[in-house]
Amino acid sequence: MMNRILLGIAIVAIGFASCGSPKRITLMQDMVPYKEYPVTQRHEIRIQEGDKLGISVDAKNSALAASFNTGKVSVSTDGTITQGTSQNKDKTYIVDKNGEINFPELGQIRVIGFTHKELEDFIKRKLAQQKILQSASVTVELLNSKIIVMRESTGQIIPIPDNKITIVEAIARAGGELNNVKLKEVAVIRESEGIRQMYHIDLQSVSLFDSPVYYLQQNDIVYLPPSSAPLPPRAERMTQALSYIVAPLGLITTVLALIR
């Protein structure tokens with residue numbers, strides 16, 4: 001009878017101890033070392049409605065290019081946009097609901113769906129065709145490129161460096177904490193051409209590299225669903241304290257039960 005009581009105490013003690021132990025996280029656990037995995041997609045951020053574009057035009061004759069450049073825009077990490085007043089800097093254009101911007105000399109041009117490099121080539125070609133500027137140098141920057149990472153009770157705005165970011169990098173930039181996340185059900189909400197769609201991605205599978213949301217687009221929302229409801233702070237502190245007390249007790253009762 002005493003052995004059963006001791007064994008019961010041991011089981012309860014081990015249960016409490018396990019509650020206070022951190023969960024082991026393994027990402028891409030089915031990836032085989034040294035095996036080659038072909039890259040099946042290329043990353044391209046494309047211009048969307050509402051994007052803020054910084055466009056500068058340079059030419060050998062700086063006076064001819066001056067009319068295209070009216071002010072420098074700076075964007076902070078929280079998305080705040082500040083318009084400067086200095087000359088010969090980038091001008092800001094906001095892509096309207098029709099996917100267009102009003103560009104000097106060229107008028108309304110449709111830019112939605114372009115990559116920044118494609119838009120640079122397009123503007124350069126149009127300026128040359130209309131004999132406005134020959135051999136111009138055009139630079140396009142996406143000024144509001146950011147994604148949002150949401151957890152059970154918090155969220156972070158993450159800037160996209162160099163117009164390229166993966167979901168793994170976004171999570172790492174948001175702190176990388178995954179202990180209470182359903183790794184097989186991470187969601188990405190994407191809006192494109194008036195349609196909003198949710199994708200699921202499994203961070204524990206190598207298949208994540210083939211997901212259409214492995215490379216994130218501007219304004220994507222990454223949601224990390226909780227694997228369990230969080231304990232209130234007081235209950236969490238009590239559970240942690242009990243685990244420190246009960247774990248040694250569990251070991252002692254287990255040994256006693258085996259001896260008897």
Go through the residues of the stretch 41-58 one by one and say whether even a single one is in contact with an Asp or Glu (Cβ under 6 Å, 6 or more places away or on another chain), assigned to a helix (DSSP H, G or I) and either of a type outside the set (Val, Ile, Thr) or at pLDDT 60 or above (or both).
no
What's the total number of residues in the stretch 168-195 that are under 19 Å from Lys146 (Cβ atoms) and open to solvent by 40 Å² or more (accessible area, probe 1.4 Å)?
8
Checklist (1) farther than 21 Å from Ser67 by Cα; (2) open to solvent by less than 20 Å² (accessible area, probe 1.4 Å); (3) of a type in the set (Val, Ile, Thr) applied to Ile123, failing item:
(1)
What's the total number of residues in the stretch 85-109 that are farther than 26 Å from Lys131 by Cα and at pLDDT 50 or above?
3
Of these, Glu191, Glu169, which one is at pLDDT below 90 and either in a strand (DSSP E or B) or within 27 Å of His116 (Cα to Cα) (or both)?
Glu191
May I ask you to say which residue of Thr139, Thr82 is part of a strand (DSSP E or B), at pLDDT below 95 and open to solvent by less than 60 Å² (accessible area, probe 1.4 Å)?
Thr139
Working carefully through the options Ile132, Ile158, Ile165, find the one that is over 11 Å from Tyr223 (Cα atoms), over 8 Å from the mean Cα position of the chain (by Cα) and crowded, with 16+ Cβ neighbours inside 10 Å.
Ile132
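The values are calculated or read from the model by the stated rules, or taken from the named source; none is laboratory data. These numbers were taken from a predicted model, which means no experiment stands behind them. Glycine also receives a Cβ, built like all others from the backbone with ideal geometry; neighbour counts cover every protein chain displayed. Quick note on the areas: whole protein, heavy atoms, side chains included, nothing else; ligands and nucleic acids left out. Shrake-Rupley method; radii C 1.70, N 1.55, O 1.52, S 1.80 Å.
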